[in-house]
1. Report the gain in length on full extension from L239 to D150: 0.36 nm times residue separation, minus Cα-Cα distance, nm rounded to one decimal.
2. Taking 0.36 nm per residue of sequence separation and subtracting the Cα-Cα distance, how much length would be gained by fully extending the chain between L75 and H264, in nm to one decimal?
3. How far is it, in nm, from the label point at L200 to the one at K136 when both lie 7 Å from their Cα along the line to the Cβ?
4. Straight-line reach from K74: which aspartates and glutamates have Cα under 19 Å away, leaving out those fewer than 8 places along the same chain?
5. Based on the Cβ-Cβ distance from S159 to T110, what FRET efficiency comes out when R0 is 22 Å, to the nearest 0.05?
6. Pairs of alpha-carbon atoms within less than 8 angstrom and 6+ residues apart define the contacts here; what relative contact order does the stretch 115-263 have, in percent?
7. Taking 23 Å as the cut-off for C-alpha to C-alpha distance, list the pairs among K216/K253; K124/K145; K113/K145; K145/K216 that go past it.
8. Can you work out the FRET efficiency for the pair I126 and F251, with r the C-beta to C-beta distance and R0 = 51 Å, to the nearest 0.05?
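Any read-out appearing in this document is the output of simple, stated calculations on the displayed coordinates, not a laboratory observation. The structure presented is a predicted model; accordingly, all values stated were derived computationally and were not measured. Reconstructed Cβ throughout: ideal geometry from the backbone, glycine too, with neighbour counts over all protein chains shown.
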Amino acid sequence: MKPTLDRGKAAVAAEPGTSAVVARPEPPRGTIAEWTITILLLLFGTTTLVQAFVIPTGSMEDTLLIGDHLLVDKLAYAPGGSFSKYILPYENPRDGDIIVFRYPVDISQTFVKRVVGIAGDHIKIIDQQVYRNGKKLIEPYTVHKNPYPDSFRDNFPNSEPNLMLLDRARDMLANNVVNGEVVVPPDSFFAMGDNRDNSLDSRYWGFVPRGNIIGKPLIIYWSYNASTESLASSSVNNLASHFLDLAEHFFTKTRWDRTFRLIHGYYNY
């Protein structure tokens, strides 16, 4: 007998002495179901694995510019479980890493800085030059754009009065200075911006707690020449102005040479 094909099923001829095998086609998955699964996977990936951030200020110039849009690896510094720590590349932040973290003074804000000191490190600054554990750091990524000296900023730690000093920093200077050096306590990090003269960082608000760290920037996926006001403000007028600017200047203000640029730390070892 020849194989027969009916609507909705296929009958396959069997070898002598065996039973026929009937194969039924899998019902087609609905379009709504496919999009639902896709969206769920994207949401999982962008909230659990990587997350997008934009740089709104110039504190990390010229490493990161205002308008750089980053993808941040949220697994890099995640605490490893009893099993997952053996199969996933978890690590602790190192001196020289660039980190994304929740601002300790206001965790609703997200900051990006460079790790200058980890737990146990002794940090001091002399004439704008950072010393870690007595060793002068090589920092080709730093810039100094303010021509005016500042005794607190450029020689740290010291007892010079500073109006920008927050309570957390006062506590750091009162309890974590030994022989003229800041000593980083356990589960904490001393972080600074690469634009050293224009960075609100650990000198002014203290240490970054380990639990505040979100992840490590991986790549600049898009860079657009925008102002801090248009990126940092959530007002309706600023958002509307920003979208109008995008519509008019997308191609001319996009920094094409920064697209897909990888972000790396710098290590003095």
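1. 28.5 nm
2. Full extension from L75 to H264 adds 66.4 nm.
3. 3.3
4. E91, D95, D97, D187
5. In this case the efficiency is close to 0.10.
6. In percent, rounded to a whole number, it is 23.
7. K216/K253; K145/K216
8. My answer for the efficiency is 0.65.
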